[in-house]
Amino acid sequence: MVIVFVLVAVLVLAVVVTANWYVWRRLFRDTTRGPGPVRRAGAVLIAGGWVLAIAALVAERSGAPFWLQQVLAWPGFLWLALSIYLLLAVLAGEIVRPLLRRFLEHRARRTGQASRPAPAGPEGAPTTAPDAAATGPQGQGSALAAPQANGSGADPVSAGASQPNGGGGSASTTTAVPAAGSRAGGGGATASAAAPATASQPEAGVGAPTAETAAPQANGSGAAPAPETATGDADGAPASAIAPDAPPEGSPESLATANPTGTATPAGPTRRLFVSRVVAGAAAAAAVGTVGYGTYGVLRGPKVKRVTVPLAKLPRAAHGYRIAVVSDVHLGPVLGRGFAQKVVDTINATQPDLIAVVGDLVDGSVKDLGPAAAPLAQLRARHGSYFVTGNHEYFSGAEQWVEEVRRLGINPLENARREMPYFDLAGVNDVAGEDEGQGPDFAKALGDRDTARACVLLAHQPVQIHDAVEHGVDLQLSGHTHGGQLWPGNLIASGANPTLAGLDRYGDTQLYVSRGAGAWGPPTRVGAPSDITVIELASKQA
């Protein structure tokens, strides 16, 4: 058994560590360029939050000084809720991430196509980019000089110059284009690419010239001709040209080219980094907003919920009888006297005939929480207030709290029954009391009652419904589940309880489960709002 416990503990620890590493990676590592203060701060935040959460739980269970429990409870318990929704939000971001990247890629392609220049020039003729080539007077060739530095000095490069050619009335031009980005040797100058030049027709009676252009490349020993040439046709139009290679994308040259000022612009975040930051920011905002709103919902106090429950055995005179059901108040280091006062004021405003407090009233000792529970003495109902223990009372000293609620004017029902004017009211201890020899005893509470009368049972946990059915109970009032409190905790809670919240029927017995007025651990509720329920009994004879 010990080995199984250790293996389960190790598995749980591994899952928690892996989940938190994943959250840190998505929120901090993937959103930064490299190690730095942001990543370190993220690690401290996540690790520190769990240290506070564990310390808050240990302090509450070990009976640490109450001031220390209060100091640790707020940040520690809130981190528990926040860590849940950070993980859920980051997981949801895995769905959004590829969609956002595809959208950005599609927009980038569409923008690139829209900004591509349209071809220009005469129909059927190749287009040429404007350059620095100068066209000479009529009858002379155009020349393009590309000075190139070498070991001894600059050597001009001519393009399109007319040369005598012994015969013929045609002219041919040869244009050499140096490779883009080639750098000079001795002088450190860089040769620029030359656009092809067009030779003009010679005058009549003069031999046809031949223009030849060479682009020497400077190096340590001498000049070398350009490796590629373009040859013109008889009409002087260039047949082909080798364009300079474009600089690599993202290089200083390309950035400088894209910038009209000619200066290099520092590169912004990559698309992957941008997407990671957007998704992480949205996940963090969603988690914080969810926890913030859920905490506000608890602190503002429970709302009133009204439910009508027909009972076959209820006499006509009891039609419309109102029972205010409150459970799971959980007074403790987070929810204190002010919250108890809100609960009392809300109950009294409903003007009930009877008040049923069905367990988990406190999380702490009478010494620490006696002042917080003091407003309960103000509860008012025509037929009084009644109390049964919940599992948390046995963590906090059940016997002391039974005496304390009695002192406050609330009647504890410890496996006992009271005959009310129109029905029997019974109460049983919580199943957690079995470890202390104070567990539920249905025979003691219900064994000798008149079965012709309607019976309402107060029992903290819904799982006690099966015993209630066996003893002919008409209606059981319970709490304990919190309705799951933090979604998707409702999936776990519904698997552990026959009814998660609301009214249900088991044979001839009906079960109503309240979501509770307060909250345990994080003072936060998501998808399970707190409530105080007013049960209005209806007679079928009415």
Revision key, fill the gap. Taking r as the C-beta separation of Ala374 and Ala9 and R0 as 41 Å, the FRET efficiency to the nearest 0.05 is 0.55
Point to revise | Overall Cα dimensions of the range 289-435 - principal axes, largest extent first, Å | key: 47, 38, 26
Check your understanding: Order of 64-74, 416-426, 298-308 by packing, highest average Cβ count within 10 Å first?
Key -> 416-426, 64-74, 298-308
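Multiply the residue separation of Ile95 and Arg418 by 0.36 nm, subtract the distance between their alpha-carbon atoms, and state the gained length in nm to one decimal.
Numbers: separation 323, 0.36 × 323 = 116.28 nm, distance 5.75 nm.
Length difference between fully extended and current span is 110.5 nm.
What FRET efficiency comes out for the pair Gln341/Val463, r = Cβ-Cβ distance, R0 = 41 Å, nearest 0.05? Don't skip to the end; give the middle numbers.
Working: r = 32 Å, r/R0 = 0.78.
Once rounded, the FRET efficiency stands at 0.80.
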Exercise for review: Evaluate the distance, in nm, between pseudo-label points positioned 7 Å from the Cα of Glu436 and of Asp508 along their respective Cα→Cβ axes.
Suggested key: 3.5
Exercise for review: Just subtract the alpha-carbon distance of Ile492 and Thr350 from 0.36 nm times their residue separation and send over the number in nm, one decimal.
Suggested key: 47.9 nm
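At a Förster radius of 30 Å, what calculated FRET efficiency corresponds to the Cβ-Cβ distance of Ala538 and Gln400, to the nearest 0.05?
Working: r = 39 Å, r/R0 = 1.29.
Computed FRET efficiency for Ala538 and Gln400 comes out at 0.20.
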Review point. Using the Cα atoms as the points, what is the convex hull volume per residue of the range 494-542 in Å³?
Key: 96
Review point. Which residues does a label at Ala312 reach in the range 514-542, if reach means a backbone N under 19 Å from a point 7 Å past the Cα toward the Cβ?
Key: 537-542
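Let a ≥ b ≥ c be the square roots of the eigenvalues of the Cα gyration tensor of the range 346-390; is it rounded (a/c under 1.5), or, if not, prolate (a/b larger than b/c) or oblate? Numbers along the way, then the final one.
Details: a/c = 2.74, a/b = 1.73, b/c = 1.59.
Prolate shape, in that a/c is at least 1.5 and a/b is the bigger ratio.
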Review point. Hey, rough spin-label estimate for Thr111 and Ala282, points 7 angstrom out along Cα→Cβ, what's it come to in nanometres?
Key: 1.8
Exercise for review: Indicate the gyration tensor shape class of the range 362-496 (rounded, prolate or oblate), computed on the Cα atoms with a ≥ b ≥ c the square roots of the eigenvalues: a/c under 1.5 is rounded; otherwise a/b larger than b/c is prolate and the rest oblate.
Suggested key: oblate
Practice item. With a ≥ b ≥ c taken as the square roots of the eigenvalues of the C-alpha gyration tensor of the range 22-96, please select rounded if a/c is under 1.5 and otherwise prolate if a/b is larger than b/c or oblate if it is not? Key: oblate
Practice item. Note down the nm distance, to one decimal, between modelled labels 7 Å out along Cα→Cβ at Arg33 and at Leu88. Key: 3.7
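Here, each number is a calculation from the coordinates, and none is a lab measurement. Because the structure is predicted, anything quoted here is derived from the model rather than measured. Every residue, glycine among them, receives a Cβ derived from its backbone with ideal geometry; neighbour counts consider all protein chains shown.
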